[in-house]
Amino acid sequence: MSLSWPWALLSVLVIPLIFAIRWWALRRRRRAAVRVTSLALVRDALPGRTRWTRKIPPALLVAGLALLAAGAARPQASVPVPQTSATILLALDTSGSMCSTDVAPNRLTAAREAAAEFIESQRGGPRIGLVTFAGTAGLLVPPTDDTDALIEALDGLGVARGTAIGQAMLTSIDAIAEVDPAVAPTGADPGGGEGHAGAAIVVLTDGANTQGVDPQTAAQEAALRRVRVFTIGFGTTNPAPMVCAGSQFDGRGFGWGGGRGGFDRGGRNPRTIDEPALKRIAQTTGGSYHRAENADQLQSALDSLPGSFTVIRQKVDTAAAFAVGGAVLVAAALGLSLWWNRPRVPAG
């Protein structure tokens, strides 16, 4: 909760002023008190209410005036707001370690299938773009609502050496800026604003940044543009052969292997996911980190994200609600006071 006009809270000082006037009026009344000889007449003159009910109107009045003062300060609440035109950039790791077979048939194929299913589930929804990264990052498909073109592009994924996570994030930011004027491209003034932009980046990687821009630097650039980054660490710590089919090579730094018609390094597959870095990226940008050790967990992680993409938090002016609430309480206080203090007609 924030206040647009915090100085307007000074109007709450009217409450102690009212109590001061009431105290002064009661003091004058006691000085002008008239002695009576009949207690029966006093009982007939007094309103028929208990001691605690006499405090209800003043309490309602104080609460109502406090709400009116708060409303005058123009409070704003951060509330979830559905987005109808979100933009999502999927940044997929295509480094050589994606050939690992600890996830059948290998990580690259499992990631491609999960991404295709995710894209299909978003048909008719937000615009989606594809970025792939190994030693460098490149825009594979600009943000589009053409689901078929996105899925077709996934069939041509190939691996290469290196892992440039930071560069992938900057490339994704520039791709978003091309279709969303609210997001500034890298190298330009990021501007201001509050809340989150209607765009997000999903980084799926099985490793750690090995070259290019530091991921935390890229995360800060995304945060300045209010673009959230959701990170997914994919793969296990189990040793496994690294096998990719011939179609999964792009020729940048990998030779052709033998056996089963593909590339087989046959070595151990140590854990290389830099989870602390991926968590820092998500925390810096307001996104979240997800760990996936198999295809089902990866699919679940992707399926859980649309709610975060399509609902963002924005500040909404709530002054009207405070004003209405305050007016109702003040009216109730005056109404009860007039009702309980109405003249009583003696019986008979």
Can we say ASP155 is modelled with pLDDT under 95, among the acidic types (Asp, Glu) and within 21 Å of the chain's Cα centre (by Cα)? no
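Give me the residue from the stretch 133-144 that is more than 24 Å from SER121 (Cβ to Cβ) and in contact with a strand residue (DSSP E or B) (Cβ under 7 Å, 6 or more places away or on another chain) and, out of that set, surrounded by the most Cβ atoms within 10 Å (Cβ to Cβ).
Going residue by residue through the stretch 133-144, those that are more than 24 Å from SER121 (Cβ to Cβ) are 134-138.
Subset that is in contact with a strand residue (DSSP E or B) (Cβ under 7 Å, 6 or more places away or on another chain): 134-135, 137-138.
On the way: ALA134: 27, GLY135: 18, ALA137: 23, GLY138: 13.
Going through the qualifying residues, I end up with ALA134.
With the structure loaded, tell me whether GLY138 is under 28 Å from the mean Cα position of the chain (by Cα) and more than 26 Å from ASN238 (Cα to Cα) or whether it fails that test. Explain how you work it out, then say what you get.
Working: under 28 Å from the mean Cα position of the chain (by Cα): yes; more than 26 Å from ASN238 (Cα to Cα): yes.
Yes, satisfied.
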Quick one: what pairs do we get from the stretch 86-98, first residue at pLDDT below 95, second of a type in the set (Lys, Arg) and buried (at least 24 other Cβ atoms within 10 Å of the Cβ), C-beta under 6 Å, 6+ apart or different chains? MET98/ARG107
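Please pick out the residue among THR163, THR186, THR171 that is out of contact with any strand residue (DSSP E or B) (no Cβ under 8 Å at 6 or more places or on another chain) and either closer than 13 Å to VAL229 by Cα or of a type outside the set (Phe, Trp, Tyr) (or both). Lay out the reasoning, then the answer.
Details: THR163 fails: out of contact with any strand residue (DSSP E or B) (no Cβ under 8 Å at 6 or more places or on another chain); THR171 fails: out of contact with any strand residue (DSSP E or B) (no Cβ under 8 Å at 6 or more places or on another chain).
Only one candidate qualifies: THR186.
This table checks each residue for (1) surrounded by 20 or more Cβ atoms within 10 Å (Cβ to Cβ); (2) in contact with a Leu (Cβ under 6 Å, 6 or more places away or on another chain); (3) assigned by TED's automatic domain parsing to the domain that holds ASN294.
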{"residue": "ALA104", "(1), (2), (3)": "no, no, yes"}
{"residue": "ALA116", "(1), (2), (3)": "no, yes, yes"}
{"residue": "SER121", "(1), (2), (3)": "no, no, yes"}
{"residue": "GLY125", "(1), (2), (3)": "no, no, yes"}
{"residue": "ASP146", "(1), (2), (3)": "no, no, yes"}
{"residue": "ILE151", "(1), (2), (3)": "no, no, yes"}
{"residue": "ARG161", "(1), (2), (3)": "no, no, yes"}
{"residue": "ALA175", "(1), (2), (3)": "yes, yes, yes"}
{"residue": "ALA188", "(1), (2), (3)": "no, no, yes"}
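Quick one: would you say ALA323 is at pLDDT below 80, assigned to a helix (DSSP H, G or I) and small (Gly, Ala, Ser)? Step through it out loud before you land on a result.
On the way: at pLDDT below 80: yes; assigned to a helix (DSSP H, G or I): yes; small (Gly, Ala, Ser): yes.
Judged against the criteria, ALA323 is a match.
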Among residues of the stretch 96-112, those that are hydrophobic (A, V, I, L, M, F, W, C), more than 10 Å from GLY235 (Cβ to Cβ) and part of a helix (DSSP H, G or I), counted: 2
Residue selected from the stretch 298-320 under the condition at pLDDT 75 or above and exposed (fewer than 15 other Cβ atoms within 10 Å of the Cβ), by the criterion farthest from PHE118 (Cα to Cα): ALA320
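The values are calculated or read from the model by the stated rules, or taken from the named source; none is laboratory data. Bear in mind the structure is a predicted one, so any value in this text is a computation, not a measurement. As a convention, Cβ positions derive from the backbone with ideal geometry for all residues, glycine included, and neighbour counts pool all protein chains shown.
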